[in-house]
Every structure is written in structure tokens, then in C-alpha cells.
Amino acid sequence: MIFAIEEINKSDELLPNITLGYRIYDACYTHFQATRAAVLLTSGSRDEHTTCDKFPLVPAIIGGCWSTQSIAVARVAGLFNIPMISYFSTCACLSDKHEYPTFLRTIPSDLFQSRALAQLIQHFKWTWIGVFVEDNDYGQNAGTIFKDEATKLGLCVAFYDMIPAVVSPNKISQSIRNILIHKVTVVLIIASELIVEIIFQEVVNQNISGIQWIASEAWSTSAYLYNQQLFTHFRGTIGFAIRKGDITGLKQFLVNTHLSQNKSNPLIKDLWEYTFNCSTDNSVHPGKVPCTGLEDLNVSDSLYLDVSNLLPSYNVYKAVYAVGHGLHSMMMENGFKDFLNNQSTSLKPWKLLGHLKKVNFTMDSSDEISFDQNGDPYPSYDLVNWQNKENESFYIAYVGEFSGLKDLKVNEDAIIWQGGEKEIPVSVCSTSCPPGSRKAVQQGKYLCCFDCITCEEGKISNQTDSLECLQCPLECWSNTQKNQCVPKNLEYLSFKETLGSVLFGGALLGIFLATSIIVIFICHRNNPIVRANNSHLSFLTLFSVVLCLLSSITYLGQPSAISCLLRNTGFAITFAFCISCILGKTIVVIVAFNVQHPDRKAASLFSPKKQKVLITLCNSFQIVVCAAWNILAPSQPIRKTTFDSPMITLQCDAGSLLAFSLVLGYIGLLVCICFTLAFCARNLPYHYNEAKLITFSMVIVSAVWITFIPTYLSAPGKYLDAVQMFAILFSCFGLLICIFVPKCYMIFLQPQKKILRQQRKDFR
């Protein structure tokens, strides 16, 4: 402060021909002494016992140091409209102009520091932290703001302990144990260096290690805290510090300080006694060597001469210059009339306050000095890291900065973490939920404590720590990792799967059986069994069975427009044709054995030509319905799925439910007619009792299709096609086994003569 005042007094540009004076009081770290000093400075007299003058003794106050002191002083100064500039009080409460209308400062408010600390913690993805704050205005306000900012950023404060200046061993021990209880690895301390020392000592006593400490600006650059025992636990500490600045000429000014020239200055006396281990007053320190006053500070190894890391001192320097520029602005506006008699008693402090709020100048270090509407400077911090050099000496490394309201820059490669590690430590209550899962907050716990729930089938999360799983589009499904939607698998009755292979094998077996019977009948076409059973209708029936079995194969494989057309209509026409042929055979047998006196006219009723006409007429209705079906509402391949299904089922849409019902109903009608006629002809001679076999086959066909209807309506997906194919195969096998296999048995196993003899006997 004195150096800055003397610099201004020597300046020809700032306050020329005006000499500034000063009065310095030691607040002794208490707000009581600070308040007493404020009263003395505002009383208008150097004598404590005189009445107040019209104007206060000084037009401006610089100080105090701690926020608690500044709050006390600002209340007094505000009563007299005396501007007050603090260099180290950061409590955000001091920005309230209703409470502290004359308060300004050259250090940023804790509002910005707390935001910077929260952003720093978020930057390194630390979501589970412990907080110690000093139980005073500084700690309480900064801690409250930090908690609010942390909540906004989704951070969780595992514990929040306030440490008083006078703390019992049990209290501090219990507070430090919270680190272990809550399993945090990152701890923030917002306190003065005296409180931090108490915390550090207890951490050492409890042998707690592996903690990443975060420092507020109050202790982030404190050399007072450094000793080798503590440093092994707290190396890697990271925190924000107020911007340092170079003060040209300060070191030489300090070197030129001599006790002999400042015998009445108690601060110089204390410095001299501490630096040279001597006594300025033998009555107080009788055992020490008396100080001569001629000792040379330049040859001593004193922190007093270290001007390489000026932090609070630089803020004091800026505060003095702010007052100087405010006074200069008054002088430029009003001339020297406010500076009469070379005294400050004629200065109106409220006028100076107005000019101070408007100052805007640049220091030699290129720092711009101005105040906002709250009396706060532009927020700017250095990010510092406690490191040690190869010789184990302690030093402060600058690893980033915070400027403005949200601009955080970090050089991660330059940071040494706790224990000398280069890897960023982790501090979370619960590890991040990977893609494919969602966060589920544990009931009754912090938001940062959660369980990771795997996404349900059909839902995904493609980000870390997703709060919910997203439903995949209708035709997509979640992959195995549940982090991506992929196209659903296509489901249809395939040749390659077991069910498809079995059905396909059944169709081939049926075709082989029908073809074999055709070959047998051709080879034994002169056999009485073949001749007696209307061979041309038998061949037509077997041929239609082969076509029906071939149509069933269209139910296998991926549906297409052609296969969908062939499925239902192909089966409907061929199976109706098959039943029509069997119906024709039944009618021929009945007519033949019920005509009493057969003649040429009777024979013409069941001639082959008339039989073909009958079959054509019976099948024409089915052909007409199927043709109209394919023209008006053809069956088309469709993709069928739901949000809950992992498959897209490829099916053939019936197109028209009415047409589908008609063709099945007509087949059912033919089966019923055929069954009725065959049942009536069940008592024919042994070798002409095909009607009995037809009756059995119609019973099987009826049972199959009666069972088919409810099964078809309830079958899911590809099993719908399997049910239809099974019904077709079972119907065809029923016809082949019940009607034609017995004939083959008779052809191969019964002698032909015996057959002829039995036939003659039957006709007698």
C-alpha cells in the first residue's frame, strides 16, 4: 500500500501536485479491531475522544482482509457514504448494494469462484464430493452458492461440514471421518489457511490418503501450509487463485526498508524480529540479541522479498490506484477546490464514490480495472496445482484459468494429481451407466447414487447415463448390447428350419407316394382291381393330389406376390377337383349297382364323358370364386409386427376373408355330399366297397379341417402357414392311404384268379 501511494505521489500524470497520505490500522484478524479502526477513520479526528467533524478523517478506506471484517467495516463506512475497497473479501453478500452501498473490491466475488469450482468439478466428471467450509460469512456464503451451482450441474455433495475457528478435537475428528464414511475421493475446502491447517493435521493423524483436494482462493497459494509431512498427503491439490501480477520496483522498495528509518512502525518491528531473530525491545524479549536497525534484508532468505507470486498484495496495489484514479477524476471535473489546504477534510467522500464506480484504467501489467454495478471487478482466476520439483521443493504450477462467467480452460497434461499420479482420479457414488442401460435413482438417496437397469427388449439407450430407454421404430429391434436399433429379423416358414424341413419332406413323400400309385396303376392297368375302380377317375384323383401337394410347397420360403396367389387358390382348385373326382366315382358306383335292368340309356348316364362334365361342373364354382378373388382382392405379401415383437412376420394377406371362407366352405360342402353318398353305398360287394374307404377318408378330411379353423385363428406368425400346410398334407395323405393304398395291397398280395372268381361270385 505504501509503495503504491508513494508511486502515485511521484507521478506527474496521476494527481500532479497532490500528495496522498495514509493511516494504517492492524485489524488482527478480528472484526472487533476492524470495527474500531473504521470508527476512528470516520470520526473526523485523530483523537478518539473528540466530537465528529463535518467530514470524516479519510475520503476512502482500503480493506479489510477477511469478509467478516469487511462486513463490519462496510456497515460503518456506509453510514458516512465513505467508499471502501477490499482486496481480499470475497463474500457474495457484499455485492448487495442495499446493505453495503459504498463497498467495492478488487477481488472477484465468491459467486464467480463457486461457479468456477462447480464447473471444474464437472469438467473432471467428479459427481460425488465432500465439502468443508469455514463457519463464518466467507465459508457459509461461498458454500451455499457452491451447493446451488453443484445441484444445477447434477453434482452431489456427499457431506457438508462447517468448521468453526475454535474447534474441539472430537468435532474435527468426526468431520474428517466423513471422508471414509461416505467413500469420497474428492474434497473441496472453502476456508482460510488457519482452518485448512487444522483439517490437514487431522487428515495426517487419521492417515487418510488418496484424496484429491480442491482449494478455494483463500488457501490455494498459501506457502504457510507447506511442510514436508503435509505435502506427501496433499501434493496434487488443485484450486483457483486470484490472478497474480507483477509490481515493478516493489522488490527494491522492500530491500530499501530499514528499521532505523521506521522505528515507530510496529509492522516493520515484527518483520525485523522474525527475519533476523533479534529483539527491538529487550524488556519483551530479554534473551534475544538486540536489533541494530542496520541489518540488510537483501542478504536474508526471507519470504518478505519474494515478489514472484503476488496475489493479495497485487489487489492492494490495484485498490490504491483505483482510489488515485477516482481522485484524479474529481480533480479533472472540479479542479483543486476539493483539495484545499493540502488536506482531505474538505473532500466529500460520496462524490469520490461516484467517481470510483466509473473508473476504468489499465495497469502496467495490462490488467483492466473497473467495477460493475455491484462494485465487483471482472471475474478472473488462475487454476493452480501443488507440485514438487526434482529436488522435492514445493511450487505452484499454473494449469488453467477461469475468466468471465463460464469460460473455463484447463491444461490437463500439466496437472499432477494426488500422490503424483498423471491419471485423473474418479469420484462417483455410482459408476456411469453404459449405453444399453438407464439410470434408476436409489430410493431415499442422492441423485448421483443410482442403479443401472438394462434396457428392455426393443428399447435402447445410445448414451452414457441415459435417464430412459428409447423405443425402437416399429420395424427395428434392439441389438444384444441394447445400444442400437437394428432391422428386425424376418420370420417366415423356411426350408432351412426344422419345421419347414419336416413339412417339405412330408410334401415330397406324399408326391412320391401318389406318383408311385400312378405308376402302379399304369403298370397294372389290366388288373381287375384297377379296371373295377374307374381307372380314369382314379388317375385324375391321383393327379389332383399331386398338384395339391405341390401347391402346399408354396407355403414354404419368403412370401412373394406369385406364391401368395398360388397358395390359397392353388390349393382351393386342386383339392376341390380332387374331391369332385371322388364324388364322381361314388356316384358312378351307386348308379351302377342300383339300376335294376341296365341298358344302353342307363349306361350313358355314367359314361366317362358325363363323368367329366360332372367333375367340371363341380369345380367350376371354385374356379369362378378364385378368379374373382385374384382379380378383386388378390392375396399380397405383408409384413406383420408389433413393438413388442423381435420379428417381422412375412405372411400372405388373405385379401378377402369372404372369398377365403367361400372356397373353404365349398370344399366342405363337397366333402359332406361325398361322405353322405359314400355312406349310403357302404354295403356294396367286397371288391366294389370303395365307398366304405371313401367314407373313412372323408371323415379324416372333415376332422382335419374342423380342427384347422380354431387352430388357424390362434396360430401366431409363421405357424399360421405351418397349420395350413399341415392340413393340406394330412388331407392328401388321408385320401391316399384310405382310398388307394388298400388297392395297391390287393394288387400285390391277392392272386388274380382268386379275384376273378370272387368277382364272378359277386355278380351272381
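The table that follows gives values for the structure above.
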read-out	value
The stretch 2-38, subset aromatic (Phe, Trp, Tyr) and without any contact (Cβ under 8 Å) to a residue 60 or more places away in the chain, residue nearest to Val58 (Cα to Cα)	Tyr22
Members of the stretch 229-283 found to be among the β-branched types (Val, Ile, Thr) and either more than 24 Å from Phe394 (Cβ to Cβ) or in contact (Cβ under 8 Å) with a residue 24 or more places away in the chain (or both), listed by number	Thr237, Ile238, Ile242, Ile247, Thr248, Val255, Thr257, Ile268, Thr275, Thr280
Single match in Val502, Val486 (criterion: part of a strand (DSSP E or B) and without any contact (Cβ under 8 Å) to a residue 60 or more places away in the chain)	Val486
Residue tally, condition among the charged types (D, E, K, R) and over 20 Å from Phe88 (Cα atoms), over the stretch 360-413	9
Failed item, numbered, when Lys152 is tested on (1) within 30 Å of the chain's Cα centre (by Cα); (2) closer than 24 Å to Asn136 by Cα	(2)
Test for Ala691: is it among the small types (Gly, Ala, Ser), at pLDDT 85 or above and either surrounded by 15 or more Cβ atoms within 10 Å (Cβ to Cβ) or in the same structural domain as Leu566 (by TED's automatic domain parsing) (or both)	no
Single residue of Ile518, Ile511, Ile453 found to be part of a strand (DSSP E or B) and free of Cβ contacts under 8 Å to residues at least 60 places away in the same chain	Ile453
Matching residues in the stretch 526-538 - criterion: being more than 19 Å from Val588 (Cα to Cα) and exposed (fewer than 13 other Cβ atoms within 10 Å of the Cβ)	Asn526
Residues of the stretch 149-163 classified as out of contact with any strand residue (DSSP E or B) (no Cβ under 8 Å at 6 or more places or on another chain) and either touching a residue at least 24 places away in the same chain (Cβ under 8 Å) or part of a strand (DSSP E or B) (or both), total	4
Residue that is closer than 30 Å to Thr127 by Cβ and not basic (Lys, Arg), where the choices are Leu474, Leu470, Leu493	Leu470
Answer residue from the stretch 193-203, given it is more than 15 Å from Pro169 (Cβ to Cβ) and surrounded by fewer than 21 Cβ atoms within 10 Å (Cβ to Cβ) and is farthest from the chain's Cα centre (by Cα) among those	Leu194
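The values are calculated or read from the model by the stated rules, or taken from the named source; none is laboratory data. This is a predicted model, so every value here is computed, not measured. With ideal geometry, Cβ positions are generated from the backbone for all residues, glycine too; neighbour counts draw on all protein chains shown.
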